[in-house]
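Some notes on the structure that comes next.
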Amino acid sequence: MMNTMRTGLLLAGMTGLFLAVGYMIGGQGGMIMAFLFALAMNGWAYWNSDKMVLRMTKAEEVDAASHPEYYRIVEELARRAELPMPKVYIVHENQPNAFATGRNPANAAVAATTGLLEGLSKEELAGVMAHELAHIKNRDTLTMTITATLAGAISMLANFALFFGGRRNGALGLIGMLAMMILAPLGAMLVQMAISRTREYVADKSGAEICGNPLWLASALGKISGAAKRIENDGAERNPATAHMYIINPLSGARMDSLFSTHPAAENRIAELKRMAAEWGQTAPAPAAARGPWG
């Protein structure tokens, strides 16, 4: 409940920042135009973001015939989560990672990299995919699409101020406009990062409940985070706007739980999952060793 309230407040803050930028550019009329602009962009993102992300990552749809173990794991977890069966994809990247996308549970997709499928045990893979299904169940995929769209729109509006002048003669003048151009996109990015970090903790908890063992996901996170530091994700490097979608930050920088990180530190998430397992009385050893050379 606390994380849900926090996400709501952060979304409200992001929207308020967007309207404030519109007001600074064009007064009340600018604020109204910014609001309509936001509605249009979010409407487009609502219907097309999943297709765009899958195209950007060059994801390939698979089925029970081509990848039976992976598909059956997702199918069983979706049944446990009481979700419609999502479309299942693979991304041909050596870095182990995964993400979910889609505007709602009925139009959702999960994707795992080939590095993830080759490197994790079945239990660890189940923990990861349960996390991604939790994002779908909690509608985080839609929340993060909205925040990413608003963040991009704020940056666009701030750039418009440079070319069209804005209210330079207003109370803040030229210096205020220049400050807005720098601070507004920065503020939007920080809010987006805060929402992303909040939703990751919630998805970890919900994913552990779906798969039934927090230690499976904890073990997977340790292996994925270690590998992500050594193996580049070429697709994410080309399209860094997709980084917040992955279970572990796929980019080469920002590995710490810092102000500018899209994800909480893996160590913090693992500790929370282990605490959860202890509360459940689960003291079983970690899943079997990974099959890949990076485990």
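Quick note: the coordinates plus some simple rules give every number you see, no bench work behind them. Not measured: the values here are computed from a predicted model. Glycine also receives a Cβ, built like all others from the backbone with ideal geometry; neighbour counts cover every protein chain displayed.
Among the listed pairs Lys137/Lys205; Lys51/Lys137; Lys205/Lys229; Lys87/Lys137, give every one whose C-alpha distance is greater than 21 Å.
Where the Cα-Cα span goes over 21 Å, the pairs concerned are Lys205/Lys229.
May I ask you to order 62-68, 105-111 by the average number of other C-beta atoms within 10 Å around their residues, highest value first?
105-111, 62-68
Provide, for q = 0.16, 0.20, 0.22 Å⁻¹, the log10 of I(q)/I(0) from a solvent-free Debye sum over equal Cα point scatterers in segment 67-114.
-0.43, -0.66, -0.78
Would you please classify the overall shape of segment 41-131 from the alpha carbon gyration tensor, given that a ≥ b ≥ c denote the square roots of the eigenvalues, rounded means a/c under 1.5, and beyond that prolate means a/b larger than b/c while oblate covers the rest?
It comes out oblate by the Cα gyration axes.
How far apart, in nm, are the 7 Å Cα→Cβ label points at Lys51 and Glu76?
According to this spin-label approximation, the distance is 3.5 nm.
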